[in-house]
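The values are calculated or read from the model by the stated rules, or taken from the named source; none is laboratory data. Keep in mind it's a predicted model, so treat the numbers as computed, not measured. Neighbour counts are summed over all protein chains in view; Cβ atoms, including those assigned to glycine, are modelled from backbone coordinates with ideal geometry. Quick note on the areas: whole protein, heavy atoms, side chains included, nothing else; ligands and nucleic acids left out. Shrake-Rupley method; radii C 1.70, N 1.55, O 1.52, S 1.80 Å.
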Amino acid sequence: MEEGNENRKATAYEEALDALSSLITKRNRIEPGDRSYSLDLIREYVKMLDLEEAISKMSVIHVAGTKGKGSTCTFTESILRHCGFRTGLFTSPHLIDVRERFRLDGVDICEEKFLAYFWWCYDRLKEKATEEAPMPTLFRFLALLAFKIFAEEQVDVAILEVGIGGKLDATNVVRTPVVCGVTALGYDHMEILGNTLGQIAGEKAGIFKHGVPAFTVSQPEEAMRVLEETAAKLDVSLQVAQPLDASLLNGLKLALEGEHQYFNAGLAIALSSTWLQRTGHLEFGNLEQTSPLPEQFIKGLTMASLQGRAQIVPDRFMNIETTGELVFYLDGAHSPESMEVCGKWFSLAIKEDNQQPALDFQPSSHELAQNHQVHYGRSRKNSAQILLFNCMSVRDPQLLFPRLMKTCASHGVYFKKALFVPNISVYHKVGSHALPPTESQVDLSWQFTLQRVWENLLQGDKGGEAKNADNVAEDISEDTEMIARNCENSAVFSSLPLAIKWLRDSVQKNQSVRLQVLVTGSLHLVGDVLKLVKK
């Protein structure tokens, strides 16, 4: 009986994901006057769902930006949850399961609640949809669903991450947030937001509301000027939050890796403390970065979790003798600036890893006794760095690759091989139940373009990369049957599973090599790798 119930539940969830998939559109550009992307239309949907009053009463922290939005929102949520408040967190994209976008008290919403709220919203919108107000696009529907969830679950605070931009984003239907934040700005989604930092900053500053305090981090001059001008027009007190001083953590480590996270943490402290003050929770005092942080803040900053950002995952598929000899370093960087940050994190992380005699997991005493030589001898192995990459075709690899290569090279790190793959996730489906096309059907033209740019950049470097790479060519699998196109410094695979099989075969055939694989360029790719490696 129980097994039958499980099957029915899985089917119900897949039905919801199929319904959700029907809302995906492939349009990249918002045309001027396009009503389907106007806030007026979002307000109509809010009326259809009877959410006007609930949203007006919701206590919201609203965060826009190019880089670090998800991290800042995650830190903020964790701080306020550790202060004892019931939290709702809406972020995007999801990596493995769409429910990751909706966190209640730090945990993804459960399947039962998700299905109940999903069908309530979907059915009502479907029933009331007209030619003038058709079913909302995917992200807009998810934002509306978040408002429904947080209203029904009676959260004390809703932390909302903007999807793209700010001014026209579905989350911007909130008229009176408690406090707003803008994370680091850079060039991304230029086909939608504009070609200059000033234009991009103008879109992000669209979340500012009259008289509502706002915080940002140190920005390029052009972007800061636009943020300040917009704030002045709206009587917004705009302050620059200082990066967190690591000494305030009482010897503990920030939960999310990378130096840039201290900027995000500093912004999260400013947002959290302002929310506490403005909602009358004065017991936490007027927090200054120079004074000791409350214990709840330290717990929040050191216990936050966010998948796919500077995340290290040893491949569990390998047997115990080789566990730790294939390690994935995952970071969803996809802009030139974040590539630089990612390259620095990866370079420092692998150096630290190579100096560690033990692994990043806790083996049992039996395993330690059995494999003492393997675990404690791993630093004597040859390490090779591999890049596993894909990005959307609207990104420019001529901007992304040099930033990554130069940053890694400045730390003495060179990629032995770059592997280019299509994502498993398909853009017209939500959920892992959606099967990718068969390998013979896959269009690899974009992956071949990425490979060509990579090879040209290396040749332009006059072989500097290849000369400096660890001498482990003989250690990497020569089995090229799985490869769609093999070049000296790179390979294109027709599927991600084939690329991971090739990596696993390389390690199993050559016990003297450790492969450290940087997975980057796309959060979708990071999610797909996590699905396969964590199975």
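Around Thr216, which amide H atoms from residues at least 5 apart in sequence, or from another chain, sit under 5 Å from its own amide H, with H modelled in the peptide plane?
Amide H neighbours of Thr216, under 5 Å, 5+ apart: Val182, Gln239, Val240, Ala241.
Between Val240 and Asp443, what length comes free when the chain is fully extended (0.36 nm per residue of separation minus the Cα-Cα distance, one decimal in nm)?
Working: separation 203, 0.36 × 203 = 73.08 nm, distance 4.56 nm.
Contour length minus Cα-Cα distance gives 68.5 nm.
Given 0.36 nm per residue, what is the gain on full extension from Lys57 to Gln199 after removing their alpha carbon distance, in nm?
Working: separation 142, 0.36 × 142 = 51.12 nm, distance 3.16 nm.
Additional length available on full extension: 48.0 nm.
Given N residues in the range 121-242, what is its alpha carbon radius of gyration divided by 2.2 N^0.38 Å? Write down the numbers at each step before the final one.
Values: Rg = 16.1 Å, N = 122, 2.2 N^0.38 = 13.7 Å.
Taking N as the residue count of the range 121-242, the ratio is 1.18.
Hey, which of these cross-link pairs are over 25 Å Cα-Cα: Lys167/Lys531; Lys128/Lys148; Lys406/Lys509; Lys67/Lys148?
On the way: Lys167/Lys531 34 Å; Lys128/Lys148 17 Å; Lys406/Lys509 31 Å; Lys67/Lys148 27 Å.
Lys167/Lys531; Lys406/Lys509; Lys67/Lys148, as the Cα separations exceed 25 Å there.
Mind listing which GluC sites (Glu not before Pro) in the range 197-226 are in a DSSP loop and have 13 or fewer other Cβ atoms within 10 Å?
On the way: sites: Glu203, Glu221, Glu222; in loops: none.
Listed in order of number, the matching sites amount to none.
Which length gain, in nm to one decimal place, applies between Gln398 and Asp123 when the Cα-Cα distance is subtracted from 0.36 nm times their residue separation? Walk me through the numbers before you get to the answer.
Numbers: separation 275, 0.36 × 275 = 99.00 nm, distance 4.50 nm.
Value of the extension gain: 94.5 nm.
So if we plug the beta-carbon distance of Ser38 and Lys509 into 1/(1 + (r/R0)^6) with R0 = 41 Å, what FRET efficiency do we get, rounded to 0.05? Write out the running numbers ahead of the final one.
On the way: r = 57 Å, r/R0 = 1.40.
Computed FRET efficiency for Ser38 and Lys509: 0.10.
What does the highest-first list of 55-64, 39-48 look like by mean Cβ count within 10 Å? Write down the numbers at each step before the final one.
Working: 55-64: 22.1, 39-48: 16.8.
Result, highest mean Cβ count within 10 Å first: 55-64, 39-48.
Just need log10 I(q)/I(0) for the range 190-278 at q = 0.18, 0.23, 0.24 Å⁻¹, Debye formula, equal scatterers on the alpha-carbon atoms, no solvent, rounded to two decimals.
-0.88, -1.14, -1.18
Using the crude model of +1 on Lys and Arg Cβ and -1 on Asp and Glu Cβ, and no other charge, please compute the dipole size for the range 135-270 relative to its Cα centre, in debye to 20. Present the calculation step by step, with values, prior to reporting the outcome.
Values: 9 positive and 16 negative charges, 71 e Å.
That gives the range 135-270 a dipole magnitude of about 340 debye.
I'd like the FRET efficiency for Thr11 and Lys534, computed as 1/(1 + (r/R0)^6) with the beta carbon distance as r and R0 of 30 Å, rounded to 0.05.
About 0.80, to the nearest 0.05.
Count neighbours as other Cβ atoms within 10 Å of each site's Cβ, and list the GluC sites (Glu not before Pro) in the range 114-174 that are DSSP loop with at most 13 such neighbours. Write out the running numbers ahead of the final one.
On the way: sites: Glu127, Glu131, Glu132, Glu152, Glu153, Glu161; in loops: Glu131, Glu132, Glu153.
Those satisfying the criteria are Glu131, Glu132.
Of His260, His94, which has the most accessible area with a 1.4 Å probe, and how do the rest follow in descending order? Could the numbers behind the result be given before it?
On the way: His260 60, His94 30 Å².
I get His260, His94, largest accessible area first.
With r defined as the distance between the Cβ atoms of Glu352 and Phe317 and R0 fixed at 25 Å, what FRET efficiency is calculated, to the nearest 0.05? Intermediate values should be presented prior to the final figure.
Values: r = 24 Å, r/R0 = 0.95.
The calculated FRET efficiency here is 0.60.
Is the shape of the range 64-154 rounded, prolate or oblate, going by the alpha carbon gyration tensor and its root eigenvalues a ≥ b ≥ c, with a/c under 1.5 for rounded and a/b larger than b/c for prolate?
Values: a/c = 2.29, a/b = 1.62, b/c = 1.41.
Verdict is prolate for the range 64-154.
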